[in-house]
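The values are calculated or read from the model by the stated rules, or taken from the named source; none is laboratory data. Computed from a predicted structure; not experimentally measured. Ideal geometry is used to build each Cβ from the backbone, glycine not excepted, and the neighbour counts take in all protein chains shown.
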Amino acid sequence: MKQLQLGVFASGRGSNFQSILNHTTDGTLHAEIRLLLTNNPEAGALELARASAIPDLVIRKDDFPSRDVFVETMIEKLAQHGVEWIALAGYMKKIPQEVVKVYRNRIVNIHPALLPSFGGKGLYGHHVHQAVLDYGCKVTGVTVHLVDEAYDHGPIIAQRPVPVEDSDTPDTLAARVLQVEHALYPEVLEIIAQGRLAIQGNKASILPHSMH
Ligand code: GRF
C-alpha cells in the first residue's frame, strides 16, 4: 500500500506526534513522517523527533527578512522533504494562506472539543476545557478536520465524544480527551492513507473499505 507522506507541525509537548509516530512503527498507520516542523525550538515534539531520527525544521517568521520569504521557505522545505499531507498536532501558529492553497484539502488538524463549539482564536490548550466546564457541558470530545483559512475551521472528518464528569477540572478533562485524541488521529490518518476520504464542497466523508 502507498504510504502517506506526512509532515507533522507541532509547537508543544508532542504527545499526538508521538502517537502518530508509534502507529507508523507498529504498522497500523501506513504513513512515513517526512518532517516534524515547529516554530518553537523548545518544543517537546522536537526532542521526540530527534530521538526517533525524524527530520525536523524549526522555522519562525521573525527569523526571516519578510513574511513572503518565510512563507516561500516553508513551502520549499515541505516540497524538499517530500511532504504530501500535513497533520497539525498542537501547532500554535496560523498556517499561512499560501500554504493552505498549495496543500488545499491535504492539511488536517485535531481539536480537543466538538467543533464548531469551543474553537477559534484563544481556545486552545486548557482554555478549551475550562470553557467547556464553565458552560456546564455534559459531553465534549475530539474533532479532526481539514484546515482552511480560518482558525479551527474546515470540513469535519471525524468526531468522538468524551463525557464530562461533575468532578472534572480542566486537567482531568484534558487527560481524558487526550487519550481519545491519541487513538482518533492515527485512525483518521490511516483512512486518508487508504484513500477513503471523500470531499464534496464543504463536506468530508469516509468511504467504506473497498471490496478488493
Ligand atoms: C492537543 O490537545 C490537540 O488537540 C491540540 O493541541 C494539543 C497538543 O498536545 N490541538 P500534544 O502536543 O500533542 O501533546
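Among residues of the range 8-54 being in a strand (DSSP E or B) and within 15 Å of the ligand (Cβ to nearest atom), the one that is surrounded by the most Cβ atoms within 10 Å (Cβ to Cβ) is V8.
Any residue at all in the range 191-200 that is among the charged types (D, E, K, R) and within 16 Å of the ligand (Cβ to nearest atom)? There is no residue in the range 191-200 that is among the charged types (D, E, K, R) and within 16 Å of the ligand (Cβ to nearest atom).
Exactly one residue among L57, L115 is in contact with a strand residue (DSSP E or B) (Cβ under 7 Å, 6 or more places away or on another chain) and within 16 Å of the ligand (Cβ to nearest atom), and that residue is L115. Restricting the range 166-195 to residues that are of a type in the set (G, A, S) and not in a loop (DSSP other than H, G, I, E, B), which is surrounded by the most Cβ atoms within 10 Å (Cβ to Cβ)? Here the answer is A193.
Only one of the listed residues (G82, G120, G90) is within 16 Å of the ligand (Cβ to nearest atom) and surrounded by fewer than 16 Cβ atoms within 10 Å (Cβ to Cβ). That residue is G120. One residue alone among I75, I95 is assigned to a loop (DSSP other than H, G, I, E, B) and either at pLDDT below 95 or surrounded by 13 or more Cβ atoms within 10 Å (Cβ to Cβ) (or both), and that residue is I95. If you go through the range 133-150 and keep only what is touching a helix residue (DSSP H, G or I) at 6+ places or on another chain (Cβ under 8 Å), assigned to a strand (DSSP E or B) and under 14 Å from A89 (Cα atoms), you end up with V142, V144.
In the range 151-165, the qualifying residues are those that are within 15 Å of the ligand (Cβ to nearest atom) and part of a loop (DSSP other than H, G, I, E, B), and the one that is farthest from P186 (Cα to Cα) is Y151.
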